[in-house]
């Protein structure tokens, strides 16, 4: 069955087409949801809510651009909307951020799960800006518009997110070196 037919059948509330769309895209969208969530359970909730929205609004997809890109936008917006509703997108006090620490790591030394864990541990505002800008390729203007913050705040939050990540990686490397020395 073609993707266009699946989308049209979903718009007509055909359950088998909805199941097929879910089967085709759930894995990729879960990985995306995980980037915007604190943990697996929250990511699963965001994915579920995202698919509910997808199936409610699928008739709005006009076959212009990528269907997968359209799905990703909905999942991202679903996660962001939950943070807006909880009012957790407030700026974080600068005094709680440590000075930038230079750290060098090689890609071979860091696992994807480790990096995802570090990103998930960032404060909400920083994690969302980092994900939108670094991982999903939004501009600072787009990040600002999406999160309801200024372009400058987006840049500042990205800088702070990077500093926190560098500090955590450096701390973990120091701890690992101490264990290796034993």
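Quick note: the coordinates plus some simple rules give every number you see, no bench work behind them. The structure presented is a predicted model; accordingly, all values stated were derived computationally and were not measured. Positions of Cβ are backbone-derived with ideal geometry, glycine not excepted, and every protein chain shown enters the neighbour counts.
Residues of segment 130-158 with the amide nitrogen closer than 20 Å to a label point 7 Å from the Cα of residue 82, along Cα-to-Cβ, please.
Zone members listed by number: 130-133, 135-136, 146-148.
What's the extension gain from residue 16 to residue 171 if we count 0.36 nm per residue and subtract their Cα-Cα distance?
Computed gain between residue 16 and residue 171 is 50.8 nm.
Mind computing the radius of gyration and Dmax over the alpha-carbon atoms of segment 3-86? Å is fine for both.
According to the Cα coordinates of segment 3-86, Rg and Dmax are 12.5, 38 Å.
Could you please rank 25, 83, placing first whichever residue has the fewest other Cβ atoms within 10 Å of its Cβ?
83, 25
Taking Cα pairs under 8 Å and at least six residues apart, what relative contact order does segment 3-86 come out at, in percent?
32
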